[in-house]
Amino acid sequence: MSNDATAEFIRKLPKAELHLHIEGTLEPELTFELARKHGVTPKYPSVEALRAAYDFSDLQSFLDLYYAGADVLRDEDDFHALTMAYLRRAHADGVVHTEIFFDPQTHTARGIAFATVFAGIHRALRDGEREFGISWRMIPNFLRHLSADDAMRTLEELLPYKRHFAAVGLDSSERGHPPSKFTAVFARARREGLRTVAHAGEEGPPEYILEALDLLKVSRIDHGVRCEEDEALVERLVREQIPLTVCPLSNVKLCVYKRIEDHNLKRLLDRGLKVMVNSDDPSYFGGYVLDNYLAVQRGLNLSKPDVAQLARNSIEASFLDTAAKNRWLAKIEALAAQGSSD
Ligand code: ADE
Ligand code: ZN
């Protein structure tokens, strides 16, 4: 089968994207447009120069640019434009359901009201659902490099909106900021009826994955690729079918793996872990979700059944209800059956 036919097969598979930071979808063209709109002098002379700066040595070197970039997001329309641009792109890639992370503290620390951030993203998600048929969930994340007190204050601020959120999450600089720092915040969120997810085992050790499971009681681990360093943990993740929201191009861009060919996704899939493919911060990492699927399909020599399993896992690991999951799973089965005959 040709490369084009494989790409078309993957594009057509209904896919859920479960690890996507909306601030990480800010394309340089929109950065410049918003900088002009708000009378901000861009730090880089051109779109090309900004894009050329996306050359990272680790997570922190990316985060420094990512937080600086978010400065042009100032009013409700900015957050709406950002989210619409992502949804349009995700639709073209065959994403049927998306669970969007956003970082309230990145904006409230700059004096942007939480209500403004929420309103722009939420309005776009509803517009996108109408225009593209993409269902969605919103998952605010706490920044782990800030204090637990700051996270708790942020949680209080977003609780009036909690019916709009499927879960709360934890992101930003992982090393030195273990999940245990946020045990009380996540306990409070759970008491309020919110589910939890957390970045763990991206740069941080497998112990952080264990803390996220045992202390934060997460439904999913974001990244989690370092689980392989602890055999008992891998066995547990398989046994309990804990989803890992893996982001292959992100891992290469942030030097977790040197090359896509070195990524452990195929090994994890073969061992029966519930892994799937996501784009994390596509503007910064050089690819949206279909680019990520294609990179691992080629780099790790994935078969069509492997790719169909990744799509199946993405739907099963989502916060969709059972009826919606079953509808998408049936479509995947139909496509996979066609795919196996050619
Ligand atoms: N915030 C945005 N992208 C992130 C990532 N890959 N890891 C941690 N925090 C993030
Ligand atoms: Zn992430």
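Overview of values
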read-out: Spin-label proximity, ASP64 to segment 283-315 - amide N less than 19 Å from point 7 Å beyond Cα toward beta carbon; value: 284-285
read-out: Student exercise, segment 210-273 dipole from Lys, Arg, Asp, Glu Cβ charges, in Debye to nearest 20; value: 280 debye
read-out: For peptides 226-238, 10-22, sequence by mean Cβ density within 10 Å, most packed first; value: 10-22, 226-238
read-out: Computed helical MRE - 222 nm, the chain, DSSP H runs ≥ 4 contributing -39500 (n - 2.57), nearest 500; value: -15500 deg cm²/dmol
read-out: Extension gain, SER147 back to GLU131 (0.36 nm per residue minus Cα-Cα distance, nm); value: 1.8 nm
read-out: Segment 1-76 - charge dipole about Cα centre, Lys and Arg +1 at Cβ, Asp and Glu -1, debye rounded to 20; value: 120 debye
read-out: Cross-link table LYS181/LYS253; LYS12/LYS43; LYS162/LYS266; LYS217/LYS266; LYS162/LYS274; LYS304/LYS325, entries beyond 29 Å C-alpha to C-alpha; value: LYS12/LYS43; LYS162/LYS266
read-out: Cα lying deepest toward the dipole's positive end in segment 3-341, options LEU146, VAL117, CYS255, charges on Cβ; value: VAL117
read-out: Additional length obtainable on full extension of the chain from ALA53 to SER303, 0.36 nm per residue less Cα span; value: 86.5 nm
read-out: Overall form of the chain per C-alpha gyration tensor (a/c, 1.5; a/b vs b/c); value: rounded
read-out: Length added when fully stretched, ALA115-SER180, from 0.36 nm per residue minus Cα-Cα; value: 20.5 nm
read-out: Semi-axis lengths, Å, segment 178-292, gyration tensor of Cα atoms, sqrt of 5 times eigenvalues; value: 24, 17, 13
read-out: Label point at GLN338 placed 7 Å out along Cα→Cβ; residues across segment 7-22 whose backbone nitrogen lies under 16 Å; value: 7-15
read-out: 5 angstrom amide H check on GLY204, placed H, neighbours 5+ away; value: none
read-out: About the Cα centre, charge dipole magnitude for the chain (Lys/Arg +1, Asp/Glu -1 at Cβ), debye; value: 820 debye
read-out: At most 14 other Cβ within 10 Å, DSSP loop - trypsin sites (Lys or Arg not before Pro), segment 18-75; value: LYS43
read-out: Cα-Cα separations in segment 1-96 greater than 21 Å, expressed as whole percent; value: 46 percent
read-out: Positive dipole terminus of segment 3-341, leading residue within ILE242, ALA52, PRO179 (C-beta point charges); value: ILE242
read-out: Alpha-carbon centroids, segment 1-48 and segment 251-268: separation in whole Å; value: 21 Å
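Each reported figure results from applying straightforward, stated rules to the coordinates on display, with no laboratory input. This is a predicted model, so every value here is computed, not measured. We place every Cβ from the backbone using ideal geometry, glycine too, and count neighbours over all the protein chains shown.
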